[in-house]
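This report concerns only the one structure given below.
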Amino acid sequence: MSHPRRISTMAAVLTAAVVSVLALTSGAAQAQTIEYVALGDSYASGVGTRSYLDDGSGCSRSASAYPSLIAAELGADLEFAACAGAKTGDVLNNQLGALSSSTDLVTITVGGNDTGWAGVVQRCAYPYPWTCDAQIDAAEAYIKNQLPAKLHAVYDAIETAAPNAEVIVLGYPRLFNGEQCNAITRISPGEQSQLNAAADLLATTIGAAAGSHGFDYIDVRDAFDGHAVCDDTEWVNGISYPIAESYHPNTAGQRDGYFDLLNDLL
């Protein structure tokens, strides 16, 4: 027959052991560093912030870009793979090596360069009698007919390379508010409206592709409303020097637009 005192003592020892294990496990979990990989193009690397890391990559990665800001906020270990000028194919060929089964978080902004967006905006800025209707139409056709397959290929590859990661896709803002305030460019209100409509199509296309993979999608368009080129408080650069800085989020756009939305989600 068991003695009540012995049973009580054993229970106390087991309870203490369980508490100790839970405390150690909790401490280990708190100490574990988040492994974060940032993928994508110039909107992810931070072009437009005018200050870049001296990492020898030529990718114009910035400490003011949303990946750097969220890594600092989370205390995460950042593998900053995003690169200015990247298309979906560049992500597939040059950036996925940063991913592994130990990756906890992935963010990506990509797709704009595939459409030739920079060239479209440049064409719209040409003076009369040049127009950009044909270029906008071509970009929209590409977004509808070719971009989804390219996005799915990238998202499939991310799922394979980082099976345990939370993946967050961030989109692109509308750039214009209908005003003309840059004297050296001529993007008419009508062309601005067309460009914004194309940006809407790009945003919804990326969102649909991300959603089909079960990824979170951050649509930044509403956040940037009131902060377009020519607004009183611009989060997007107008025509700039060097020219690569043009039509990209500035430090406020990266911080108050992209970072804030991403931080709220996480």
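The values are calculated or read from the model by the stated rules, or taken from the named source; none is laboratory data. Please read all numbers here as calculations on a predicted model, not as lab measurements. Note that we place each Cβ from the backbone using ideal geometry, even for glycine, and neighbour counts take in every protein chain shown. Remember, those area values only see protein heavy atoms, side chains included, never the ligands or the DNA or RNA. Shrake-Rupley method; radii C 1.70, N 1.55, O 1.52, S 1.80 Å.
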Revision key, fill the gap. Nearest 10, in degrees from 0 to 90: the angle of helix 4-31 to the longest Cα principal axis of the chain is 20
Review point. If you plug each phi of the range 252-266 into the Karplus form 6.51 cos²θ - 1.76 cosθ + 1.60 with θ = phi - 60°, what whole-Hz ³J(HN,Hα) values come out, in order, with x for Gly and Pro?
Key: 5, x, 5, 7, 7, x, 5, 4, 4, 5, 5, 5, 4, 5, 6
Practice item. For the range 192-266, give the magnitude of the charge dipole about the Cα centre (Cβ charges: +1 Lys/Arg, -1 Asp/Glu; no others), in debye to the nearest 20. Key: 260
Point to revise | Directionally averaged shadow of the chain, computed from the convex hull of its alpha-carbon atoms, nm² | key: 18.4
Review point. Can you tell which of Asp256, Asp231, Asp222 shows the greatest fluctuation in a Gaussian network model of the chain with Cα springs below 10 Å?
Key: Asp222
Check your understanding: Rounded to the nearest 0.05, what FRET efficiency is calculated for Arg186 and Asn263 with R0 set to 45 Å and r the Cβ-Cβ distance?
Key -> 0.75
Practice item. Considering only protein heavy atoms, with the full assembly of protein chains and a 1.4 angstrom probe, order Leu69, Leu195 by accessible area, largest first. Key: Leu69, Leu195
Revision key, fill the gap. Carbon/sulfur accessible area of the chain, % of total, 1.4 Å probe, equals 53
Study note, to complete from the structure: Surrounding charge for Trp117, neighbours by C-beta under 12 angstrom, Lys/Arg +1, Asp/Glu -1, total -1
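Please list, by residue number, every one of the trypsin sites (Lys or Arg not before Pro) in the range 146-224 that is coil in DSSP and has at most 16 other beta-carbon atoms within 10 Å. Could the numbers behind the result be given before it?
On the way: sites: Lys150, Arg174, Arg186, Arg221; in loops: Arg174, Arg186.
Here the sparse-neighbourhood loop sites are Arg186.
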Review point. Which one of Gln95, Cys59, Ala138 is farthest out on the positive end of the charge dipole of the range 48-188, using unit charges on Cβ (Lys, Arg +1; Asp, Glu -1) and the Cα centre as origin?
Key: Ala138
Study note, to complete from the structure: In degrees rounded to 10, the 0-90 angle between helix 189-212 Cα long axis and the longest Cα principal axis of the chain is 30
Study note, to complete from the structure: Long-range amide H partners of Tyr172, meaning residues 5 or more apart or on another chain whose placed amide H is closer than 5 Å, are Val220
Exercise for review: Figure the gain on full extension for Ala141 and Asp200 (residue separation times 0.36 nm, minus the Cα-Cα span) and round it to one decimal in nm.
Suggested key: 19.9 nm
Check your understanding: Once fully extended, how much extra length lies between Arg221 and Arg50, figured as 0.36 nm per residue of separation less the alpha-carbon to alpha-carbon distance?
Key -> 59.3 nm
Review point. How big is Rg to Rh over the range 181-266, alpha-carbon atoms, Rh as the Kirkwood inverse-mean-distance radius?
Key: 1.01
